[in-house]
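Reviewing the structure listed below.
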Amino acid sequence: MADNLLNPPSDLPVPQNDGACDHLRGMQVPAIGLRATSGVTVNLAQEGAPWVVVYCYPRTGRPGQELPGGADAWNAIPGARGCSPQSCAYRDHYSELQALGATVYGLSTQDSDYQKEATERLELPFPLLSDAQLAFANALRLPTFSFAGLDLIKRLTLIIRAGRIEEVFYPVFPSDSDAGHVVAWLSAHQDK
């Protein structure tokens, strides 16, 4: 099953842009503390790096554990499947992102203890942030959905500079293409 988490089916439904992120460009990031898998609390509004990349994902699975609601139902939701491949793509592009002045975070509504397992298993060189209470998501009016009794954030990526959202990638599909798009965008905006 571990391979299945890293290799989603090829016939997943493609998410459509429903305009749910159109309001985000230019917004200030809310000053909300988010628990990181590194054990610290991160306030994205106060991050000092030239660029902050936050990729939001619904939830990571665990090898050998069935998804709540079942894999078939999860796979049927456009854009839901692919959290581990997205994280691995950020891991694989991490040195490029650092060279471009970016700090990277993944963010989901899963708690930090759950996220820590994924950080270790996928050997992520950056922390994952927990928005378990949806304080960050609600403050920015991020698109969410409910599945098997869970409130989850739709897959999207924020590029932040000096506490302001400069760019938004939404919808993100396929999930493992996201990091490459972010590298290309940052490379094109280095003179700003």
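The values are calculated or read from the model by the stated rules, or taken from the named source; none is laboratory data. These numbers come from a predicted model, not from an experiment. Every residue, glycine among them, receives a Cβ derived from its backbone with ideal geometry; neighbour counts consider all protein chains shown.
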Q. Across segment 144-192, what is the total count of residues that are on the phi > 0 side of the Ramachandran plot and part of a strand (DSSP E or B)?
A. 0
Q | Residue check, ALA184 modelled with pLDDT of 95 or more, under 23 Å from GLY39 (Cβ atoms) and out of contact with any His (no Cβ under 8 Å at 6 or more places or on another chain) | A | no
Q: Would you mind stating whether ALA31 is of a type in the set (A, V, I, L, M), assigned to a loop (DSSP other than H, G, I, E, B), on the phi < 0 side of the Ramachandran plot and over 17 Å from the mean Cα position of the chain (by Cα)?
A: yes
Q.
So GLY69 passes all but one of these: (1) under 16 Å from PHE145 (Cα atoms); (2) crowded, with 19+ Cβ neighbours inside 10 Å. Which condition number does it fail?
A. (2)
Q. In segment 168-192, how many residues are under 14 Å from the mean Cα position of the chain (by Cα), among the charged types (D, E, K, R) and surrounded by fewer than 21 Cβ atoms within 10 Å (Cβ to Cβ)?
A. 1
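If a residue has to be in a loop (DSSP other than H, G, I, E, B), over 14 Å from the mean Cα position of the chain (by Cα) and at negative phi to count, how many in segment 112-125 make the cut?
Of segment 112-125, the ones in a loop (DSSP other than H, G, I, E, B) are 122-125.
Still in the list and also over 14 Å from the mean Cα position of the chain (by Cα): 122-123, 125.
Remaining after also requiring at negative phi: 122, 125.
Within segment 112-125, residues that are in a loop (DSSP other than H, G, I, E, B), over 14 Å from the mean Cα position of the chain (by Cα) and at negative phi number 2.
Among the residues of segment 50-75, what is the count of those that are hydrophobic (A, V, I, L, M, F, W, C), in a loop (DSSP other than H, G, I, E, B) and modelled with pLDDT of 95 or more? Show your work before the answer.
Restricting attention to segment 50-75, the residues satisfying the condition of being hydrophobic (A, V, I, L, M, F, W, C) are 51-54, 56, 67, 71, 73-74.
From what's left, in a loop (DSSP other than H, G, I, E, B): 67.
From what is left, the residues that are modelled with pLDDT of 95 or more are none.
Residues flagged as hydrophobic (A, V, I, L, M, F, W, C), in a loop (DSSP other than H, G, I, E, B) and modelled with pLDDT of 95 or more within segment 50-75 amount to 0.
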(Q) Among (1) within 24 Å of VAL182 (Cβ to Cβ); (2) in contact with a helix residue (DSSP H, G or I) (Cβ under 9 Å, 6 or more places away or on another chain); (3) of a type outside the set (A, V, I, L, M); (4) at pLDDT below 95, there is one condition GLU47 misses while meeting the rest; what is its number? (A) (2)
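Please determine whether any residue of segment 30-40 is closer than 25 Å to LEU134 by Cα and touching a Cys at 6+ places or on another chain (Cβ under 8 Å). Let's see the steps before the verdict.
Of all residues in segment 30-40, those closer than 25 Å to LEU134 by Cα come to 30-40.
Those still in the list that are touching a Cys at 6+ places or on another chain (Cβ under 8 Å) too: none.
No, segment 30-40 contains no residue that is closer than 25 Å to LEU134 by Cα and touching a Cys at 6+ places or on another chain (Cβ under 8 Å).
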(Q) One residue is enough: does segment 106-126 have a residue meeting the conditions touching an Asp or Glu at 6+ places or on another chain (Cβ under 9 Å) and of a type in the set (Gly, Ala, Ser)? (A) yes
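Only one of GLY19, GLY39, GLY106 is within 25 Å of HIS181 (Cα to Cα), at pLDDT 95 or above, outside any strand (DSSP E or B) and not aliphatic (A, V, I, L, M); which? Don't jump to the end; show me each part of the working.
On the way: GLY39 fails: within 25 Å of HIS181 (Cα to Cα); GLY106 fails: outside any strand (DSSP E or B).
After ruling out the rest, the residue left standing is GLY19.
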Q.
Pairs please, first residue from segment 68-80 and within 12 Å of VAL14 (Cβ to Cβ), second anywhere and among the hydroxyl-bearing types (Ser, Thr, Tyr) and at pLDDT 90 or above, Cβ atoms under 8 Å, 6+ apart in sequence or on different chains.
A. GLY79/SER175
Q) If ALA135 passes every condition in (1) in contact (Cβ under 8 Å) with a residue 40 or more places away in the chain; (2) crowded, with 16+ Cβ neighbours inside 10 Å but one, which one does it miss? A) (2)
